[in-house]
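Chemist: Please read through the structure below; I'll follow up with questions.
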Amino acid sequence: MYLVIQKRKKTVEKGRPVETWEDYHKCWCDVKSLYGKELYSALEAKLENVVNFETRFCLKLEALNTKEYRVKWGERMFNIIAADYGKYNRRKIVIKAQEIV
């Protein structure tokens with residue numbers, strides 16, 4: 001499966017700020033649900049519809065932050081909660097994201 005990382009673009013049109021989302025990077029991913037302790041802690045924090053996307057490391061994804069980027073998977077949009085780079089020594093990145101309802 002593929003996901004598209006989108007980047008927020010801020011422009012000014014007719015004196016008003018306008019936000020749009022541009023496709024930044026398309027990459028392969030493996031979608032994983034939360035389970036065990038991670039699932040229960042997410043439910044306690046009232047984080048529903050949270051999914052982990054595991055993808056290959058690339059330099060474009062090294063700049064990910066939670067405010068300027070979001071994930072598009074199929075027709076569904078997700079806000080990025082966290083990106084974990086450390087677990088796989090620059091081989092894979094785990095992006096934790098919550099679906100925009």
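Read-outs throughout are calculated quantities, based only on the coordinates presented, and are distinct from any laboratory measurement. Computed from a predicted model, the values in this text were never measured in an experiment. For neighbour counting, all protein chains shown are included, and Cβ atoms are generated from backbone atoms with ideal geometry for every residue, glycine included.
Chemist: By how many nm would the segment from Arg76 to Glu48 grow when fully extended, if each residue of separation counts as 0.36 nm and the alpha-carbon distance is taken off?
Modeler: Values: separation 28, 0.36 × 28 = 10.08 nm, distance 1.45 nm.
Additional length available on full extension: 8.6 nm.
Chemist: Determine which residues of segment 9-30 fall in the zone a paramagnetic label at Phe57 would reach in this model, i.e. backbone nitrogen under 18 Å from the point 7 Å along Cα→Cβ.
Modeler: Under 18 Å, as judged by backbone N against the label point of Phe57, lie 27-30 of segment 9-30.
Chemist: Please list, in chain and number order, the residues 5+ apart from Ile81 or on another chain whose amide H is under 5 Å from its amide H, with Hs placed from the backbone.
Modeler: Here the answer is Lys96, Ala97, Gln98, since their amide H atoms fall under 5 Å of that of Ile81.
Chemist: To the nearest Å, what is the center-to-center distance of segment 53-70 and segment 2-22, using C-alpha atoms only?
Modeler: Using only Cα atoms, the two centres lie 17 Å from each other.
Chemist: Can you list the aspartates and glutamates whose alpha carbon sits under 16 Å from that of Lys92, skipping same-chain ones fewer than 8 residues off?
Modeler: Asp30, Glu54, Glu62, Asp84
Chemist: Give me Met77, Met1 ranked fewest to most by other Cβ atoms within 10 Å of their Cβ, as a rough exposure proxy.
Modeler: Met1, Met77
Chemist: Given only helices, namely DSSP H runs of n ≥ 4 each adding -39500 (n - 2.57), what is the per-residue ellipticity at 222 nm of the chain, to the nearest 500 deg cm²/dmol? Write out the running numbers ahead of the final one.
Modeler: Values: 1 runs with 8 residues, N = 101.
Roughly -2000 deg cm²/dmol at 222 nm, from the helical runs in the chain.
Chemist: Hey, what do the phi angles of segment 51-58 turn into as Karplus ³J(HN,Hα) couplings, whole Hz, using 6.51/-1.76/1.60 and θ = phi - 60°, x for Gly and Pro?
Modeler: Each residue's phi maps through the Karplus curve to give 9, 9, 10, 9, 9, 6, 6, 8 Hz.
Chemist: To make sure I understand, if each residue's beta carbon is the centre and we count other beta carbons within 10 Å, what order do Thr11, Thr66 fall in, fewest to most?
Modeler: Thr11, Thr66
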